[in-house]
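Quick notes on the structure that follows.
The values are calculated or read from the model by the stated rules, or taken from the named source; none is laboratory data. Here the structure is a predicted model, which is why all the values come from computation and not from measurement. Using ideal geometry, Cβ is built from the backbone for each residue, glycine included, and neighbour counts are taken over all protein chains shown.
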Amino acid sequence: MAAVSPKVVRRMKGRLLREEKTIRVMIEMYCRDRHGSKGALCSRCRELCEYAEKRLRNCPYGAKKPTCAACPIHCYQGGMREEVRRVMRYAGPRMMFEHPLLAIGHFIDGLACVRPPRPGA
Ligand code: SF4
Ligand SMILES: [Zn+2]
């Protein structure tokens, strides 16, 4: 696999931070609207948020991480995977109205993303 330039690595670090923020914001929207939370996540959504953040930080692709939707691994465990899908289905279409910059960044990441091979394959 070709080496990634330091510039690209720096950009990807920024992208990972943005992805982390995006998933947190989506879970906050979902929790606010579906669970009536105000200001803080309910325990179920907090657990999901912490889980998603941990998956992102430990992603085996590191700086070359694809979007999770294009990932051949899907490291989320069964129940959490379903939960995060539910959140995405709900919050995804609403992101453009409440957080347009994050929504556009996520959209561009999706366009730029090529489905990668499994690490080590
Ligand atoms: S689903 Fe794939 S891209 Fe997303 S965090 Fe897990 S391994 Fe990384
Ligand atoms: Zn909640």
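List of remarks:
- Checked against the criterion of being in contact (Cβ under 8 Å) with a residue 24 or more places away in the chain and of a type in the set (D, E, K, R), segment 71-81 has no qualifying residue.
- The set of residues in segment 58-88 being among the hydrophobic types (A, V, I, L, M, F, W, C) and surrounded by fewer than 12 Cβ atoms within 10 Å (Cβ to Cβ) is empty.
- Which listed residue, of Lys38, Lys54, is surrounded by fewer than 12 Cβ atoms within 10 Å (Cβ to Cβ) and more than 16 Å from Leu16 (Cβ to Cβ): Lys38
- Considering only residues in segment 46-79 that are modelled with pLDDT of 85 or more and among the aliphatic types (A, V, I, L, M), the one that is farthest from ligand 2 (Cβ to nearest atom) turns out to be Ile73.
- Boolean, Ala91 is of a type in the set (Gly, Ala, Ser) and either under 14 Å from Glu19 (Cβ atoms) or surrounded by 13 or more Cβ atoms within 10 Å (Cβ to Cβ) (or both): yes
- Contacts under 7 angstrom Cβ, first residue in segment 93-108 being under 18 Å from Tyr30 (Cβ atoms) and among the basic types (Lys, Arg), partner surrounded by 12 or more Cβ atoms within 10 Å (Cβ to Cβ) and modelled with pLDDT of 90 or more, 6 or more apart: Arg94/Met29
- The set of residues in segment 14-53 that are more than 14 Å from ligand 1 (Cβ to nearest atom) and of a type in the set (S, T, N, Q) comprises Ser37, Ser43.
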